[in-house]
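Trainee: Here it is, the structure in full.
The values are calculated or read from the model by the stated rules, or taken from the named source; none is laboratory data. All figures in this text were calculated on a predicted structure; none of them were measured in a lab. Note that each Cβ is placed from the backbone with ideal geometry, even for glycine, and that neighbours are counted across all protein chains shown.
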Amino acid sequence: MLTRTRRTVIATSAALALFATPLAAFADPAGEATPTTEASPEASATTPATQATASANQTTSAPAPAIGADRGASDIVTLDLYNLTDVHGHIEMQKDRKSRKVVEAGLPAMNCYLKRATATNPNSSFTLLGDNIGASPYTSGALKDNPTIEALNTMHPLGSTMGNHELDMGQAVFKQRVDGSNPSEFVQTNFPYLAANVEGMGTWGAGTPYLGEYKLWTSPSGVTVAFIGAIAEDVPYKLSPGTTQGLTFKDPIAKINTLAKQLKQDGTAQIVIAMLDDDVKNNYPKMGPDVDGLMGGDTHVPYEFDHVDSAVELTSQNPLLAGVASGSYTDNLGLIQISYDTATGKVVKADTKLIPAATVYECGEDPQTKAVVTRAQQASAVAGAQVVARGYTESFHRGIFEAPDGSIEKGGNRGIESTLGNLAADAMRETIRTPDGNPVDIGMINAGGLRADLEPGSDGTITYKQSYDVMPFSNELGYVTIKGSDVKDALEEQWKTNLNSQNSRPLLKLGLSKNVQYTYDPSKPYGERITSLLVNGAPIDMNKNYTVGSVTFLLAGGDTFPALTRGTKTVLGNLDRDKFNEYLGAHNGIKAATLKQAIGVTLPSDPVAPEQEFTVPLRGLSFSEGPGKTQNVKVSFGSVAVNASVNNSLREEHASDEASIITTDGAGQATLKASLPMSMCAAKPEGGVLTLPVTVETDFGTVVPEASGLTVQVTCPVAAQQPGAAAKKAKGVAGKKLARTGSEAALVALAALGMGGLGLVMRRKFA
């Protein structure tokens, strides 16, 4: 365990590293020439200040003479509209640890690619879709994300949608980044932020809005494009309560469609692009006929939809609508390529592309942007290299899924249980203490609070930088005292409703300390899915008070978990990352979990008859990464056990909607077919309903113990026989000659008379 003195030394070293390099180093050197290869009108802007003071709704520059005015043969202009979303301070190139393939190009490579693309086609633009900063890796996050802003400034984006993470440090800091009013702390953006559906942010300077509605860009060909910025309505639910006070978030779809129609009708724009910080797939069908392209983000899921060559086709009011989301960080560069007929004034073709990081990186790295990254790496390196734990041989992962195109979205699946989430929750439970010195009853963490996998170095060490990347928010820790029923309700709230208005993901899985186990039934309606809940191996007492330790963001109801706000909250003041490091150091070499804590089980709702076949769907049997992928599952109904193999496919056709499987039911799926023998009813010869306990085991142990209280009911007949006994008795009776009673003799006589009558009738009929 790290001593108090050692933690103080680490914190002091970090502070010295941050302040040793003057912030002025992250401002563009005076007089530094803009690269001549930059063809965008934005590149000619002299200073960030002059860029920022320009109205967000004004054309960037006077249009150049139209290319193709004298072409004669063709009136088609091709516009290449490049975009990035959810950069989150990922300014550096990253390679996969195993394959060594480039999975994040980094901003220097992105700028190189954009400059080359613009040189090839001057009718090219670049925009950002929000969440440029916040939840950032150590290199940028430790320096208040100033390196990211400066690096983006070198790329001269036309504008950026405001994302929810732009407000992580509050409205005041966001405004300082835009208006440059605090240069000693924050680098000023040289591009406008857009959010047409947000009201209340105000203006600065000579009436420039902090959030513009749209950005006009007149391409060198003379075609004018309007980029409308908007953000999902659920932002207040994603941030700490109070962060968005004074702001009103309107319906973004209605605003975009209304504004697009207006801009085209009054001749302001010939092409309209919606820059919506929200899920592309869910919003694509909602776009009006005047929207020609949709750029999206927030979910970290890469999408590309068009009517040219997309694998998945969606319907929309505009039959040529193209939609794209680059994913997250710098794993792809998004492109909407529009062919516009200047003679008819119509879009004739719209295509989307995702340019992978490896392709982008082949361009090389822009020197100006690279210099920004290098300075940031040097400034943050000293404190980041401090070792906080040793002896680790296994990684701890977040959830993943596989997109329809086969690509793996690393860490992007927040709808399933993860080894990192459970590790962080264990740390919460052990390090958060009540006034009596005891640990809290339950540790809990939101999936979105973990922003990188924890992967130790080859020497088994974990550094301060690595833990920072996992927990970059610097949240305070605390606990809340709530009833057992509230804990259950919080688990019910993992499933989300009102997608796109309050939530952008169908499920946000909570990481839980290992003393908590529960089962859920995904087939049941919202609010009724938790079917069992154990704490320390015993069913939770719905009326008893429990202490739940977590970050203050979650305890305040963040990520739409209002059940956690019902009790008394105590804030301790410790930072999540500091206590996480303390836990890692105290448990050197612990292994990633293999035994799941949350299992989906759908049992028959009605009693089954003996020897009647029924099915039991199972979900969430495996972790998506790490050693905890079970291959087999055994379900026991009393003394009868049934086995099945497990499907560990991570292919997800509906990554961010309510029809998803992997993101709402979990990885590791199986469907058992079972029937219970008549012999089980021997224990209930009087007949009626027999209740059998249900348990579930994987390769790693029991995941649903008998204490969970799950059962299957069997309808038993009266005086139940052993299978086949009734048939044997009937055969014996048929072969035995019985004494004829008076009643039996009468029946025989009646039968004889009947046969005689039948014979008479037959003779008459065929005479």
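Trainee: Considering only segment 406-459, state which residues are assigned to a loop (DSSP other than H, G, I, E, B), farther than 16 Å from Gln597 by Cα and among the β-branched types (Val, Ile, Thr).
Mentor: Passing the criteria: Ile432, Thr434, Val440.
Trainee: When you go through (1) out of contact with any Phe, Trp or Tyr (no Cβ under 6 Å at 6 or more places or on another chain); (2) surrounded by fewer than 21 Cβ atoms within 10 Å (Cβ to Cβ) one by one for Met444, which number turns out not to apply?
Mentor: Unmet for Met444, out of (1) out of contact with any Phe, Trp or Tyr (no Cβ under 6 Å at 6 or more places or on another chain); (2) surrounded by fewer than 21 Cβ atoms within 10 Å (Cβ to Cβ): (2).
Trainee: On to the next question. Within segment 631-641, is there a residue that is among the β-branched types (Val, Ile, Thr) and in contact with a helix residue (DSSP H, G or I) (Cβ under 8 Å, 6 or more places away or on another chain)? Reasoning before the result, please.
Mentor: Looking only at segment 631-641, we keep the residues that are among the β-branched types (Val, Ile, Thr), and these are 633, 635, 640.
Next, from what is left, pick out any that are in contact with a helix residue (DSSP H, G or I) (Cβ under 8 Å, 6 or more places away or on another chain): 640.
Within segment 631-641 (the criterion being among the β-branched types (Val, Ile, Thr) and in contact with a helix residue (DSSP H, G or I) (Cβ under 8 Å, 6 or more places away or on another chain)), the answer is yes, since at least one residue qualifies.
Trainee: Return the only residue of Gly293, Gly323, Gly327, Gly334 being of a type outside the set (Val, Ile, Thr) and on the phi > 0 side of the Ramachandran plot. Lay out the reasoning, then the answer.
Mentor: Numbers: Gly293 fails: on the phi > 0 side of the Ramachandran plot; Gly323 fails: on the phi > 0 side of the Ramachandran plot; Gly334 fails: on the phi > 0 side of the Ramachandran plot.
Only one candidate passes the filter, namely Gly327.
Trainee: Filter segment 636-692 for residues that are β-branched (Val, Ile, Thr), in contact with a Leu (Cβ under 9 Å, 6 or more places away or on another chain) and modelled with pLDDT under 95 and give the result. Steps first, please.
Mentor: Kept after step one, since they are β-branched (Val, Ile, Thr), are these residues of segment 636-692: 640, 642, 646, 661-664, 671, 689, 691.
The next check asks that each one be in contact with a Leu (Cβ under 9 Å, 6 or more places away or on another chain); those that pass are 640, 642, 646, 662-664, 671.
Ile662, Thr663, Thr664 - these are the residues of segment 636-692 that are β-branched (Val, Ile, Thr), in contact with a Leu (Cβ under 9 Å, 6 or more places away or on another chain) and modelled with pLDDT under 95.
Trainee: Restricting to segment 605-630, give me the number of residues that are in contact with a helix residue (DSSP H, G or I) (Cβ under 7 Å, 6 or more places away or on another chain) and either in the same structural domain as Pro522 (by TED's automatic domain parsing) or closer than 16 Å to Thr671 by Cα (or both).
Mentor: 2
Trainee: If you don't mind, another one. Only one of these is touching a strand residue (DSSP E or B) at 6+ places or on another chain (Cβ under 7 Å) and in contact (Cβ under 8 Å) with a residue 12 or more places away in the chain: Gly134, Gly170, Gly159. Name it.
Mentor: Working: Gly134 fails: touching a strand residue (DSSP E or B) at 6+ places or on another chain (Cβ under 7 Å); Gly170 fails: touching a strand residue (DSSP E or B) at 6+ places or on another chain (Cβ under 7 Å).
Matching residue, one of Gly134, Gly170, Gly159: Gly159.
Trainee: Also: Which of the strands (runs of 3 or more DSSP E) found entirely inside segment 539-610 contain at least 1 residues meeting this: surrounded by fewer than 19 Cβ atoms within 10 Å (Cβ to Cβ)? Walk me through it before giving the result.
Mentor: On the way: elements: 545-551, 568-575, 598-601.
Ranges flagged: 545-551, 568-575.
Trainee: Right, another one. Thr695 - would you say it is buried (at least 20 other Cβ atoms within 10 Å of the Cβ) and of a type in the set (Val, Ile, Thr)?
Mentor: no
Trainee: Right, here's the next one. Name the residue that is modelled with the lowest pLDDT, counting only residues in segment 506-542 that are of a type outside the set (Val, Ile, Thr), within 30 Å of Thr431 (Cα to Cα) and touching a Lys or Arg at 6+ places or on another chain (Cβ under 8 Å).
Mentor: Kept after step one, since they are of a type outside the set (Val, Ile, Thr), are these residues of segment 506-542: 506-515, 517-518, 520-529, 532-534, 536-539, 541-542.
Keeping just the survivors that are within 30 Å of Thr431 (Cα to Cα) gives 507-515, 517-518, 520, 532-534, 536-539, 541-542.
When the remaining residues are screened for being touching a Lys or Arg at 6+ places or on another chain (Cβ under 8 Å), the result is 507-509, 513, 515, 520, 533, 542.
On the way: Leu507: 90, Leu508: 93, Lys509: 96, Ser513: 98, Asn515: 98, Tyr520: 98, Leu533: 98, Met542: 98.
Filtering segment 506-542 for residues that are of a type outside the set (Val, Ile, Thr), within 30 Å of Thr431 (Cα to Cα) and touching a Lys or Arg at 6+ places or on another chain (Cβ under 8 Å), the one modelled with the lowest pLDDT comes out as Leu507.
Trainee: Only one of Ala490, Ala593, Ala538 is hydrophobic (A, V, I, L, M, F, W, C), in contact with a Gly (Cβ under 7 Å, 6 or more places away or on another chain) and in contact (Cβ under 8 Å) with a residue 60 or more places away in the chain. Can you tell me which?
Mentor: On the way: Ala490 fails: in contact with a Gly (Cβ under 7 Å, 6 or more places away or on another chain); Ala538 fails: in contact with a Gly (Cβ under 7 Å, 6 or more places away or on another chain).
Testing whether each residue is hydrophobic (A, V, I, L, M, F, W, C), in contact with a Gly (Cβ under 7 Å, 6 or more places away or on another chain) and in contact (Cβ under 8 Å) with a residue 60 or more places away in the chain leaves just Ala593.
Trainee: How about segment 373-392: which of its residues are in a loop (DSSP other than H, G, I, E, B), surrounded by fewer than 22 Cβ atoms within 10 Å (Cβ to Cβ) and at pLDDT 95 or above? Please lay out each step first, then the result.
Mentor: Going through segment 373-392, the residues in a loop (DSSP other than H, G, I, E, B) turn out to be 385-386, 390-392.
Now restrict to residues that are surrounded by fewer than 22 Cβ atoms within 10 Å (Cβ to Cβ): 385-386, 390-391.
If the condition is that a residue be in a loop (DSSP other than H, G, I, E, B), surrounded by fewer than 22 Cβ atoms within 10 Å (Cβ to Cβ) and at pLDDT 95 or above, then Arg390, Gly391 are the ones that fit.
Trainee: Could I ask something else about it? Need a quick list: strands (runs of 3 or more DSSP E) entirely within segment 197-309 having at least 1 residues that are in contact with a Pro (Cβ under 6 Å, 6 or more places away or on another chain) and over 18 Å from Thr161 (Cα atoms). Give the steps one after another, and end with the answer.
Mentor: Values: elements: 214-218, 224-231, 271-277, 293-296, 303-305.
The strands (runs of 3 or more DSSP E) meeting that bar are 214-218.
Trainee: Is there a residue in segment 510-519 that is touching a residue at least 60 places away in the same chain (Cβ under 8 Å), crowded, with 19+ Cβ neighbours inside 10 Å, over 20 Å from Phe623 (Cβ atoms) and not assigned by TED's automatic domain parsing to the domain that holds Val696? It would help to see each step written out before you state the result.
Mentor: From segment 510-519, those touching a residue at least 60 places away in the same chain (Cβ under 8 Å) are 510-519; that's our starting set.
Among the residues that remain, those that are also crowded, with 19+ Cβ neighbours inside 10 Å are: 510-513, 516-519.
Narrowing the set further to residues that are over 20 Å from Phe623 (Cβ atoms) leaves none.
No; the residues of segment 510-519 include none that is touching a residue at least 60 places away in the same chain (Cβ under 8 Å), crowded, with 19+ Cβ neighbours inside 10 Å, over 20 Å from Phe623 (Cβ atoms) and not assigned by TED's automatic domain parsing to the domain that holds Val696.
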